[in-house]
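Everything below concerns the one structure shown next.
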Amino acid sequence: MTGTSSKTASALTASQLNLEELLNVIIDAVIAFDHDQRILFFNKGAETIFRCTAEDVLGKRLDVLLPGRYVTLHRSHFTEFADGPIASRAMGERRPIFARTLDGHEFPAEAAIAKLARPGKRAGDVLLVVVMRDITERKRVEDELREKAEQIAVVNERSRLARDLHDAVTQTLFSASIIADVLPRLWERNPDDGRKRLEELRALNRGALAEMRTLLLELRPAALIDADLRDLLKQLAASITSRSRVHVDIEIDGQTDLAPDAKVSLYRIAQEALNNVAKHSGATEALIALSLSPTLVHLIIEDNGSGFDTAVSKPTHLGLDIMNERAAAIGATLNIRSVLGKGTTVKVICASRA
Amino acid sequence: MRIAAAGHIAPVLTRTILADHQAKVRSALRLLIEQEQAFQVVAEAHNADSLLNGILHTNPHIALLDWDLPGLPDMHKLELMHRIDPDLKVIALCSRPEARQASLAEGAHAFISKAEPPDNLLHALYSLRTL
């Protein structure tokens, strides 16, 4: 600015600013260094963050402020930047960065780097400036929040399982306990009716067992890997039959060993499809058909319910996206055919060995 | 009942309606109640709509209500039922024992957890019958 310019009260010229004073009131670390990484400037913020004085580090290489294991990597990044065309960028975009105090304390940091041409020096000689802050506290809060979110997810999952247990096992055992209570009196009066109710009682008990074992699998999904798909599907059929008004039949044909991920995905697809049948279809009958050959696996789940319009159904609706993802993950083809008023058929075909 | 068998006076049967979304539970409840000569099951309901319809058309004295019956509002569950019949007695049933307080606070006459023995349900039925 020249003397002829009008001075306004709010404008400050660069020369009026004491640059060093300005840099020293900044809470972040501001460190300037040359092409050889020799430290030329170290502000008060840097002294606080790195627990040393400017005298301790001036003239030394930047390496003294880095954890040993990063020195080589940092040098190559640094040279790339110093000689490259980009004038400034944030550091640690690919992975979090760490810095080290002179006394060896390591901390997570966030930093940006910029370069300036140095007037009066030879071409290509640059001044580099790093602005850095210690993000230990922020990381701690982030970790705490992540941990809280995980805890909440666990609590929600447990509540869902408790609800399922009540809705399935408790309901079934309540019914069974009433029948068992009434049975002695009933049998005296009407043995035929008694026998019929005894059969019902046995079915309820088997159903409760299947429901409980199906829910145990949700508590320990790793158990799916060791189980036989045929047993899993039989249990699922018994469980859905017990907890809903849909009678689920199962037909199994052939035998072959399946890769664990194929087994888990096929089970999850059957589970999703049958949950839809139980909750939304209004069906009275459903069938699981599993055909295993050394080359191909066919899994079909069909029902006689109300069906839905596949053209207007959103992918998130009815867990269709979950089924599609599961099928894609094991390279299976998934086909869902539904006719309004006629029911739905879900068909999965995959290779026996991926 | 001897009086009924003699044909002099029709017995006063306590009319009950059963509301639970699972058929097996309704079937078991019906079996239990039909063993008791003082009670009669007049209707079954699998959701809130069929329950309200049942109350309207069959005029029950007592409702055995699953507190988690689909279609019931989260709060004031008994309001619509009592609007149809202010004298209706309600026995709340629930898989979740923790529903006891809420159901009694909202005006259910008794609460039976589905973990309790069936005798407790019969006791509740008889005690409401004499009210």
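Look at the alpha carbon pairs under 8 Å that are at least 6 residues apart: their mean separation over the length of region B:15-131 gives a relative contact order of 22 percent. Note on A:F41 and A:R140: their simple-model spin labels are 3.2 nm apart, each label 7 Å out from Cα toward Cβ. Taking every DSSP bridge with both residues inside the protein assembly as shown, close to 65 percent are antiparallel.
Take every Cα pair under 8 Å whose residues are at least 6 apart in sequence, average their separation, divide by the length of region A:137-220, and the relative contact order is 34 percent. Between region A:22-69 and region A:207-260, how far is it from one alpha carbon centroid to the other, in angstrom? Cα centres, region A:22-69 to region A:207-260: 64 Å.
Spin-label pair A:L17-B:E106: with each label point 7 Å from Cα along the Cα-Cβ axis, the two points sit 6.5 nm from one another. Using just its DSSP H runs of length 4 or more, each adding -39500 (n - 2.57), chain A gives a mean residue ellipticity at 222 nm of -14000 deg cm²/dmol after division by all residues. Over all Cα atoms in chain A, the spread is summed up by Rg and Dmax: 34.9, 119 Å. Rounding to the nearest 10 and keeping the result within 0 to 90°, find how far the Cα-based axis of helix A:260-276 lies from the longest principal axis of chain A. So the helix axis and the longest Cα principal axis differ by about 70 degrees. For A:Y267, A:Y70, the sequence from fewest to most other C-beta atoms within 10 Å is A:Y70, A:Y267. Placing a label point 7 Å from the Cα of B:H82 along the Cα-to-Cβ direction, the residues of region B:104-127 whose backbone N falls under 17 Å of that point are B:104-111.
Relative to the longest principal axis of the Cα atoms of chain A, the long axis of helix A:136-165 lies at roughly 10 degrees. Normalised by the number of residues in chain A, the average gap of Cα pairs under 8 Å and 6 or more apart makes the relative contact order 9 percent. Please identify the trypsin sites (Lys or Arg not before Pro) of region A:301-354 that satisfy two criteria: DSSP loop assignment and at most 15 other Cβ atoms within 10 Å. Which are they? Filter output for region A:301-354: A:K342, A:R353. Remark: chain B is approximated by an ellipsoid whose semi-axes, taken from the C-alpha gyration tensor as √(5λ), come to 24, 16, 14 Å, largest first. Over all Cα atoms in region A:19-134, the spread is summed up by Rg and Dmax: 13.4, 38 Å.
When the listed pairs B:K24/B:K77; A:K148/A:K279; B:K24/B:K89 are checked against a 27 Å cut-off, the alpha-carbon distance exceeds it for A:K148/A:K279.
On a 0 to 90° scale, report how tilted helix A:171-189 is relative to the longest principal axis of chain A, with both axes built from alpha carbons and the result rounded to the nearest 10. For A:171-189 against chain A, the angle is about 10 degrees. Averaged over peptide B:28-38, the number of partner chain Cβ atoms lying within 10 Å of each residue's Cβ comes to 4. Legend: calculated FRET efficiency, A:R163 to A:T101, from the Cβ-Cβ distance at R0 = 51 Å, rounded to 0.05, equals 0.45.
Using a Gaussian network for chain B with springs between C-alpha atoms less than 10 Å apart, which of these wobbles most: B:A23, B:A92, B:A105? Maximum fluctuation in the GNM of chain B, among the listed residues, is at B:A105. Largest GNM mean-square fluctuation across A:V246, A:V277, A:V130, computed for chain A with C-alpha springs under 10 Å, falls on A:V130.
A short reminder: the numbers here are calculations on the coordinates, not readings from a lab. Here the structure is a predicted model, which means the values were calculated and not measured. Cβ atoms come from the backbone with ideal geometry, glycine included; neighbour counts cover every protein chain shown.
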